[in-house]
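Novice: Starting off with a structure, shown below.
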Amino acid sequence: MNNQTDDVIIGLEVHVQLTNLKTKLFCSCSNDYRGKEANSYVCPICLGLPGSLPVVNKRAIEFAARLAIALNCKINQQFWFFRKQYFYVDLAKGFQISQYNKAGGRAFADEGIVPIKLNSHKKSIILNRIHLEEDPARLVHKGSIATSPYTLVDYNRSGVCLIEIVTEPVLSSPEEAREFLKQLKSIIQYAGISNLDLEGSVRVDANISIKGHERSEVKNINSFREVERALRHEIIRQRNLLKRGKELIQETRHWDDKRRITITLRTKEFEADYRYFPEQDLVPIEIDNIFIQRVKDELPEMPVERSRRLRRDYNLSEFDADNLVLDKNIADFYEDGINSDALFGPNEYKQYCNWLMNDISGWLNENNKILNDTKLHPHQIVDLIRYVNEGRITTKIAKTIIDDIMKGFSIAEILEKKGKKRISDENLLKKLSTDVIEENPKIVNDSKENLKAIEALIGKVMAKTRGQADPHITRNILIEILKEKGIIK
Ligand SMILES: [Zn+2]
């Protein structure tokens, strides 16, 4: 079913944990709760015990400023935290410390833009605001939330710093939402504030409506990958109701990722139900221009700038450069690789990009891994390209050894293991080299000016031996003959 129609309206609220912080937002408990014993990373502040007083983590303000600048938001230089009251088991205090952009309150930053590209069509996703808030505790269910016989609460997550990024309702399809989240994830990675590959580091609420009808809010979509799925499901559900002549009601629904459906959670609370008021235990926050300028100066290169630089410095196409920069680790790997070989030029830059984005990325997807999980070293791709360009192996063979390369084996090791015995018989190699020199007068002539032409001659010997000639010995023999003939010095 095609959801790419112009009557769908989607707005997203993306909650991102600042996993690169060392401590929680209002206390000095460790942020690194994953895999730790339940309820062991807690203190009176994040448990909300009476008499405990929160203190703002300055580094969290700095991280929020980094993101605001990277997203082109306008930072509000003075704001208060607000209490958002609601009663739920994940909230020890009975309220969440958050920000509120009404009743004299302000978000951390307003507006902002994330440019996206979908099927070569460009669009700017306009943001409404970003704000800081504390994460509630983690609820653990047996199986699905709807059928679990119990709920367990782990307060280790309580008080971890979240940034909420709110878009305007400007997304018009699940695919656009996917592209937006992809770019947002990339910007967050480059800003160095969070690792969104960590389980539970991201939660998305989505407002979805069909033009002219009430909207529903789908809560707690727990990964970026699930967002597209949840949106597709919800759009089809709403369309089917309308088709049957039913009217939609404004409601809050829950995405059940096990059953892959949305279910009614409760009818929508209205904002007044949260009884927002300024948090009196915290002083107003003031951010001066010097602080903002410092954060700006220290902000690393962002993906858009990097793509531009890669196009300029390595002669890559816009498509290649945009794909490469999306994941900072892959882009870093790429630049490490191509810069490790002084002889590499535009041809090899493009080849390296192709190996990385097609074969290597394909392998990573198939094996559900990220680059840093593997033993692959940037120099292995350099070797691979050399082996192929020198004719020592064919592209077809190169593709069959990717699996071994990903496990950290060198190409020489792999070929040896695969029984590709080297030919090191000097008499045989001498005869083959002499033949090659006679058969290729143009390349021989080129070698007078450019010693790199010898690589092409090695390739020809390789071709005659189906890649089994020892390249080192072959090279020496070729140079020897060319010297004897007075072609090179
Ligand atoms: Zn604490």
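Novice: Step through the table entries K24/K58; K211/K243; K93/K142; K84/K182; K350/K460, compare each Cα-Cα distance with 18 Å, and write down the pairs that go over it.
Specialist: K93/K142; K84/K182; K350/K460
Novice: A further question on this structure: Tell me, what HN-Hα J-couplings in whole Hz come from the Karplus equation 6.51 cos²θ - 1.76 cosθ + 1.60 at θ = phi - 60° for each residue of region 314-330, using x for Gly and Pro?
Specialist: Coupling constants for region 314-330: 10, 6, 7, 6, 4, 4, 4, 5, 4, 5, 4, 7, 3, 9, 4, 4, 5 Hz.
Novice: Which value in nm describes the separation of the simple spin-label points at I263 and K418, placed 7 Å from the Cα toward the beta carbon?
Specialist: Each label point is offset 7 Å from its Cα along the Cβ direction, giving 5.1 nm.
Novice: Now, a different point. Check which residues have an amide H placed less than 5 Å from N76's amide H, if you skip close sequence neighbours.
Specialist: Distant-sequence amide H within range of N76: A109, D110.
Novice: Under 5 Å between amide hydrogens, which residues at least 5 positions from I488 or on another chain qualify, with H placed 1.01 Å from N in the peptide plane?
Specialist: K483
Novice: What residues qualify as long-range amide H neighbours of L171, i.e. H under 5 Å apart, gap of 5 or more or another chain, H built at 1.01 Å from N?
Specialist: I10
Novice: Grab the Cα-Cα distance for N222 and F291, subtract it from 0.36 nm times how many residues apart they are, and report the gain in nm with one decimal. Let's see the in-between values first.
Specialist: Values: separation 69, 0.36 × 69 = 24.84 nm, distance 3.36 nm.
Extending this stretch completely gives an extra 21.5 nm.
Novice: Continuing with this model, one more query. I'd like the distance between the alpha-carbon centres of region 166-240 and region 465-480, rounded to an integer number of Å.
Specialist: Cα centroid to Cα centroid, the span is 57 Å.
Novice: Determine ³J(HN,Hα), in whole Hz, for all residues of region 229-246 in sequence, where each value follows from phi through the Karplus function 6.51 cos²θ - 1.76 cosθ + 1.60 and θ = phi - 60°; x replaces Gly and Pro.
Specialist: With the stated coefficients, region 229-246 comes to 4, 5, 5, 4, 4, 5, 5, 5, 4, 5, 4, 4, 4, 5, 4, 7, x, 8 Hz.
Novice: Next question. Read phi for every residue in region 412-417 and hand back ³J(HN,Hα) as whole Hz from Karplus 6.51 cos²θ - 1.76 cosθ + 1.60, θ = phi - 60°, with x for Gly and Pro.
Specialist: 4, 4, 5, 5, 5, 4
Only the coordinates and a few stated rules stand behind these numbers; no lab work does. These numbers were taken from a predicted model, which means no experiment stands behind them. Neighbour counts are summed over all protein chains in view; Cβ atoms, including those assigned to glycine, are modelled from backbone coordinates with ideal geometry.
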